[in-house]
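First comes the structure, then the notes that go with it.
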Amino acid sequence: MKHKGLIITTFIFFLIVNTSYYWEGKLGMLAFPAFLLLMITYLVLALALIGQLYFAFREKLKDRHRLFGIALLIAVLLLTFLFPTGLINFDRLEGEDLLVAEREGVANCMTTLKLKEHNKFIEREVCFGVTETKGHYELKNDTIFFANASLGRDGSDYYKFAVIKPSNSNNGKILGALIRYKGIDDTSANALGIIKNDLIK
């Protein structure tokens, strides 16, 4: 088939973009170069589309293989532009978010912790890369105990438990604070602002 290399590259690019939920959290600091490479690939495919359109009109739209490649390129580039994280919301497939807490650090670094149904938790830290930690939790009164944490790339020991505190903020978006501890003797607790809480009614 003519233009086989371009068609295969387009398919692979589309597959990588639409499965990024599963691999970006495992790359850590390598996630940024990976996304940069994807952006460059996107631009190269856009330039290839322009070239293919030029040759197609010179051939008076007679090459069906070229027309198929053009249609595929247009579809992939348009869908990637409209859905840059993929067509499927895989986070939603992990279960409903019962509690969401986040904190923005220096250089726009963002930590987001989601406590989901079926006692699963997912933490994503985006800071010059993406790090993801998954595990299980158990709620006892206003205390959340973490267990079976599968640490992301370059991860250290995860927090043992967290305490939910009511909000003292005038910010209506912040419903409270989730204060996390690595142990009973931990004096440098880590706090996240709660933006959704359906865990405790």
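Per the 1.4 Å probe, what fraction of the accessible area of segment 6-68, in percent, lies on carbon and sulfur atoms?
With neighbouring chains kept in place, the figure for segment 6-68 is 79 percent.
Using only helices, what value at 222 nm comes out for the chain when you add -39,500 (n - 2.57) per DSSP H run of length 4 or more and divide by the total residues, to the nearest 500 deg cm²/dmol?
-12000 deg cm²/dmol
For Thr85 and Met39, calculate 0.36 nm times their separation in residues minus their Cα-Cα distance, and state this gained length in nm to one decimal.
Value of the extension gain: 15.3 nm.
For the chain, what does the accessible surface come to per residue with a 1.4 Å probe? Please give it in Å².
With all protein chains present, the chain gives 62 Å² per residue.
Suppose R0 equals 30 Å. What FRET efficiency, 1/(1 + (r/R0)^6) with r the Cβ-Cβ distance, do Asn148 and Phe32 give to the nearest 0.05?
0.60
Taking springs between alpha-carbon atoms closer than 10 angstrom, which of Leu37, Leu45, Leu115 fluctuates most in the Gaussian network model of the chain?
Leu37
In terms of the Cα gyration tensor, with a ≥ b ≥ c the square roots of its eigenvalues, is segment 76-123 rounded because a/c is under 1.5, prolate because a/b exceeds b/c, or oblate?
Judged from the Cα gyration tensor, segment 76-123 comes out oblate (a/c at least 1.5, b/c at or above a/b).
Provide the packing ranking of 51-61, 176-186, 116-126, i.e. peptides ordered by the mean count of other C-beta atoms within 10 Å per residue, highest first.
Top to bottom by mean Cβ count within 10 Å: 116-126, 176-186, 51-61.
May I ask you to compute the full-extension gain from Cys127 to Ile12, defined as 0.36 nm times their residue separation minus their alpha-carbon distance, rounded to one decimal in nm?
38.7 nm
The values are calculated or read from the model by the stated rules, or taken from the named source; none is laboratory data. This one's a predicted model, so the numbers in the text were calculated from it and none came from an experiment. Neighbour counts run over all protein chains shown; Cβ positions are idealised from the backbone, glycine included. Side chains included, ligands, DNA and RNA excluded: accessible areas come from the protein's heavy atoms. Shrake-Rupley method; radii C 1.70, N 1.55, O 1.52, S 1.80 Å.
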